[in-house]
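Notes to accompany the following structure.
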Amino acid sequence: MLSQKYQAEQAELEQKIQKLKADMSFVKETAENAEKWIELFKKVGYPEELTAELLNTLIEKILIHEATEGEFGGRDQEIEIIYRFVGKID
């Protein structure tokens, strides 16, 4: 009976360890991506003009969703900008 409890507890602890390792990996990756984003902005500085090179440097992809009819008869269309290293910023 004690052996079963021990094995169940050990399995539970192993799962917790795996989850914590995954969480640590995510945090580390997020920090590295933030550093890369900061480095990009250091290279770009304060641009006065939006150029194709600047867009290619900062933006990973742009998603344009299908247009829908708005509530007042207009047309609504969602556009998402996915930035390099940081993803979508709301």
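All but one of (1) outside any helix (DSSP H, G or I); (2) over 14 Å from Val86 (Cβ atoms) hold for Glu60; which doesn't?
(2)
Please enumerate the residues belonging to region 70-83 that are at pLDDT 85 or above and either touching an Asp or Glu at 6+ places or on another chain (Cβ under 8 Å) or in a helix (DSSP H, G or I) (or both).
Answer for region 70-83, where residues must be at pLDDT 85 or above and either touching an Asp or Glu at 6+ places or on another chain (Cβ under 8 Å) or in a helix (DSSP H, G or I) (or both): Arg75, Asp76, Gln77, Ile82, Tyr83.
Do any residues in region 1-24 that are loosely packed, with under 10 Cβ neighbours inside 10 Å and in a helix (DSSP H, G or I) have Cβ atoms under 9 Å from those of residues that are modelled with pLDDT of 90 or more and aromatic (Phe, Trp, Tyr), where the two are at least six apart or on different chains, and which pairs are they?
none
Restricting attention to region 25-50, and to residues there that are closer than 17 Å to Gly87 by Cβ and among the aromatic types (Phe, Trp, Tyr), which single residue is surrounded by the most Cβ atoms within 10 Å (Cβ to Cβ)?
So, considering only residues that are closer than 17 Å to Gly87 by Cβ and among the aromatic types (Phe, Trp, Tyr), the one surrounded by the most Cβ atoms within 10 Å (Cβ to Cβ) is Trp37.
The values are calculated or read from the model by the stated rules, or taken from the named source; none is laboratory data. Keep in mind that this is a model prediction, so the values were computed, not measured. Don't worry about glycine lacking a Cβ; one is built from the backbone with ideal geometry, like all the others, and counts go over all protein chains shown.
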